[in-house]
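Okay, so here's the structure we're looking at.
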Amino acid sequence: MKRIILSIAAAFSLFTANAQYFSGEKPFEHLDFGVSVGTTGLGFDLALPIYDRFRVRAGFSFIPRFDKTINFGIDGTEQYEDEDIFSDKFNEISDKISGLIGLKIEDNVDMIATPSFCNGNLLVDFYPIKNNAFRVTTGFYWGKSKIASACNAAEDMSTLLGASMYNQFYEKIENGEPIIGDDIYLDPDLEDKFLEIGRLGFHVGDRVGDGSAYMMEPGEDNTIRVDVFANSFKPYLGVGYGGNLSKKGNGINMEFDAGMLFWGGSPRIMTHDGTDLARDVRDVGGKVGRYVNFMKAIKVYPVLNLRIFFRMF
């Protein structure tokens, strides 16, 4: 352990000793190409000095695609204190619907969440201390306003289509209309079970205004979707430090960035029916609630990046 600590200290000392090549550079004297990794994703950029102690960087960064599964349980608008009672009624209705229209309604649906965070950036570095690689950075990131999305898994389309058809039947039964044509009704006992369960949807939470249950139902295209939005234009403010890993000053250069992207406060978490889960709904439960609370807490986006670059000329 002692050897490891000494090795890290020696590497840091070498790094610090060679971190003095930023001051005194002439405007447009050289051009650097860099790659970065961190909270803004993977990135690349070009950098050049524009004045003594000033440097400008322009680049692009993105978070690679990955999938995260979120599960929603299906509910009826008529709430039951005993979940077993609802489950029994739901299973009976599901079997009847399956026999009637050939679609099985499962009691849960998976949504696949993926990030879509990508931005171009223009940054200006200022080195306030002569012969020192500490810098202050300002500028902006600019990209798509949609930073993430979640949509139902393809294998759950039959359940959502079945739920949509169930709700159409429910409306007709509630209004005393035939479910098909002019004279086709369901068995009265089965119609009563429809009315006992209510409309089918996903009980996400309660509405902020009146405290009523917010039930997310499949949209017109028989899908459910949630999109996360932030501002397209995101001002940046941060600090950084870097150095050359070679004593000759012409090897690999490494820098660290730490700062904040001001992306307009808490992101908007919009469902396909126009409901903002971050502002319009409270008491969102389960794993979905943890994600919603996490996104609501991020008023500014933290930036922690490692950048490696080399001089092109």
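Bear in mind that the values in this text are calculations on the coordinates, not laboratory data. All figures in this text were calculated on a predicted structure; none of them were measured in a lab. All Cβ positions, glycine included, derive from the backbone under ideal geometry; neighbour counts span all protein chains shown.
Below is a table of values for the structure above.
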quantity: Near-label residues of the stretch 147-182 by backbone N, under 15 Å of a point 7 Å along Cα→Cβ of Asn222; calculated: 152-169
quantity: Gain in span if fully extended, Arg290 to Leu46, counting 0.36 nm per residue against the direct Cα distance; calculated: 84.0 nm
quantity: Estimated FRET transfer efficiency (Arg207, Arg311; beta-carbon r; R0 41 Å; 0.05); calculated: 0.10
quantity: Cβ-based exposure ranking for Glu196, Glu191, in which fewest neighbours within 10 Å come first; calculated: Glu196, Glu191
quantity: Approximate spin-label separation Ile298-Asp182, in nm, with each point projected 7 Å along Cα-to-Cβ; calculated: 5.8
quantity: Spacing of the two label points (7 Å from each Cα toward its C-beta) at Asn91 and Glu196, in nm; calculated: 1.4
quantity: Nearest-0.05 FRET efficiency for Phe140 and Ile252, computed from C-beta distance (R0 30 Å); calculated: 0.60
quantity: Distance between modelled label sites at Phe62 and Asn108, nm, 7 Å Cα→Cβ extension; calculated: 3.3
